[in-house]
Amino acid sequence: MFLTFGAPKCPGNNNRYYMGYVKDLFKSTADEQNKEIKSIIEQHGNKKIEDVTIAQVYQGMRGITGLVTETSLLDANEGIRFRGFSIPELREKLAKVPGGNEPLPEGLFYLMLIGQVPTQEDVEHISATWARRSHVPNYVFDVIESFPVSAHPMTQFTAAILALGTESKFAKAYNEGISKKVHWDYIYEDTMTLIARLPRIAAYIYRRKYKNGEHIQPDGMLDWSGNFAHMLGYEDESFRELMRLYLTIHADHEGGNVSAHATHLVGSALSDPYLSFAAGMTGLAGPLHGLANQEVIRWIEEMCKDLNSDQPTKDQIAAYIHKTLTEGKVVPGYGHAVLRKTDPRFTAQMEFAKLHCPDDPTIKTVWNIYEVAPPILESTGKIKNPWPNVDAHSGALLKHYGLVEEEFYTVLFGVSRALGVLASLCWDRALGFPLERPKSITTEWVKNFIKKGEAVS
Ligand code: CMX
């Protein structure tokens, strides 16, 4: 049993932990931030951060600073920091279950939302709130059931999120004509409900597709990740610990990645959080982004099949990497648009594996790839980051515990990603960020621009 805090106390009794205090705290924090941002724009709004090159405009806007995301910041060499805290720091500072070693993602959500490390009571309050809101209406299951079982889990997941959106408090209130000043309130309410319900939806898809539709009822006394592991059908405490770590480290990676950016962009049109998050999930389902976790394990399994070995040698792995590159394919799990070093999310999973399952053959293969791949990728001369990203390790760990259905892996990523992108959506509305609408140009425009420049010089 995890929850020791019980029902949140009521307002007016002088206790900080009254029902709804997190929302009030969020609002007062955001009001302060809003004042500061207004004064920054007033005093420094005309200062230039950087110039943009023609190459950047053509090549996926790499390196262009174009949006504010308060929840986390990515450094190319050091990796992600959530509100200033690195992953090793989060593992140390965030609340855990009694006797546990891994941080509870509820704590990370609080940190991203409020900007302060939560107390144990704060974390238990979030856990209790999500447990209370976790009931998924039957029509959402009907939508999932309407898909062929063969449908990709990310397709079922996204459709279920859209179905759940018929309950959006924001959409309803907006239709009734609310003031812009209270948008954040309804976005916050939808956020809490949506996050609370995602594990049940994801577990339903998993059990339907892979376990003959034998569903497992939630256990409201468990933490968010523990209950998710339980509903998936994994009762091993060390798997629950893996889920706590997994759902923490995948939660956020600043604002420019496809899932975060898509959620933010769609949210800027005042689409409700369900629509916005579904957009993020359709982006996460791409193989260059979240689906890479599925691709990694497939690539390893194909290599093993090709070589007729469950633990290929380093020379064999090197040859297979060369073969993959020669065939014009990517080596999944390697490279990154921003990072230029080993992803600390990879390292955190490696540390977990060293402690819990160091002799697993697939995990050993992941570690051998880590030794062999970077110099080969670097030698191509074009791959900017030859180091592993988060997806290079996650599948092998899941497989170790028996969660071998790799098509489902991106759904796990998605459940976690909700924490970051929806906390950010709350911030977007609390700060009153406007509709996002960058300028695009044509190649004709670029050619004229070059001509004009040449004429002047
Ligand atoms: N294997 C083979 N080629 C790779 C590569 C890899 N792992 N990583 C980059 N490249 C190639 C690119 O395809 C590009 O080739 P072209 O010039 O022929 O188009 C070239 O190297 C330069 O790319 P880059 O600037 O280093 O990388 P990008 O910022 O364009 O792309 C990413 C980043 C992640 C899409 C890319 O590294 C990749 O495809 N990696 C494999 C897929 C993957 O692991 N994705 C997960 C990322 C993490 C996540 O979002 O979950």
Qualifying position, being more than 16 Å from the ligand (Cβ to nearest atom), touching a residue at least 40 places away in the same chain (Cβ under 8 Å) and touching a helix residue (DSSP H, G or I) at 6+ places or on another chain (Cβ under 6 Å), among Ala418, Ala430: Ala430
Output yes when any residue across the range 293-306 is in contact with a strand residue (DSSP E or B) (Cβ under 6 Å, 6 or more places away or on another chain) and within 13 Å of the ligand (Cβ to nearest atom), and no when none is. no
Yes or no: the range 337-353 includes at least one residue that is open to solvent by 10 Å² or more (accessible area, probe 1.4 Å), assigned to a strand (DSSP E or B) and touching a residue at least 40 places away in the same chain (Cβ under 8 Å). no
Which residue, of Glu70, Glu89, Glu32, is of a type in the set (D, E, K, R) and touching a residue at least 24 places away in the same chain (Cβ under 8 Å)? Glu70
If Asn389 meets every condition in (1) more than 17 Å from Arg298 (Cα to Cα); (2) open to solvent by 10 Å² or more (accessible area, probe 1.4 Å) apart from one, which number is that one? (1)
Condition first: within 16 Å of the ligand (Cβ to nearest atom) and open to solvent by 60 Å² or more (accessible area, probe 1.4 Å). Now tell me which residues in the range 76-111 satisfy that. Asn77
If we keep just the residues of the range 377-386 that are surrounded by fewer than 20 Cβ atoms within 10 Å (Cβ to Cβ) and polar (S, T, N, Q), which is nearest to the ligand (Cβ to nearest atom)? Thr380
Does Ile441 meet the test of being open to solvent by 20 Å² or more (accessible area, probe 1.4 Å), out of contact with any Ser or Thr (no Cβ under 8 Å at 6 or more places or on another chain) and within 14 Å of the ligand (Cβ to nearest atom)? no
List the helices (runs of 4 or more DSSP H) that sit entirely inside the range 248-334 and contain at least 2 residues that are open to solvent by 20 Å² or more (accessible area, probe 1.4 Å), under 16 Å from Ala373 (Cβ atoms) and of a type outside the set (Val, Ile, Thr). 292-307, 314-326
Residue that is surrounded by the fewest Cβ atoms within 10 Å (Cβ to Cβ) [pool: residues in the range 392-433 that are among the hydrophobic types (A, V, I, L, M, F, W, C) and assigned to a loop (DSSP other than H, G, I, E, B)]: Val404
Would you check if there is a residue in the range 327-334 being modelled with pLDDT under 95 and more than 10 Å from the ligand (Cβ to nearest atom)? no
Among (1) free of Cβ contacts under 8 Å to residues at least 24 places away in the same chain; (2) crowded, with 17+ Cβ neighbours inside 10 Å; (3) assigned to a loop (DSSP other than H, G, I, E, B), where does Glu235 come up short? (2)
Within the bounds of the range 97-108, is there any residue that is without any contact (Cβ under 8 Å) to a residue 40 or more places away in the chain and at positive phi? yes
Is it the case that Arg207 is of a type outside the set (Asp, Glu), assigned to a helix (DSSP H, G or I) and open to solvent by 20 Å² or more (accessible area, probe 1.4 Å)? yes
Write out, first by first residue and then by second, each pair whose Cβ atoms fall under 6 Å of each other, whose residues are 6+ apart or on separate chains, and whose first residue, in the range 257-270, is within 16 Å of the ligand (Cβ to nearest atom) while the second is outside any loop (DSSP other than H, G, I, E, B) and among the aromatic types (Phe, Trp, Tyr). Thr263/Phe277
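The values are calculated or read from the model by the stated rules, or taken from the named source; none is laboratory data. Here the structure is a predicted model, which means the values were calculated and not measured. Heads up, the Cβs are rebuilt from the backbone with ideal geometry, glycines too, and the neighbour counts pull from every protein chain shown. Only protein heavy atoms, including side chains, enter the accessible area calculation; ligands, DNA and RNA are left aside. Shrake-Rupley method; radii C 1.70, N 1.55, O 1.52, S 1.80 Å.
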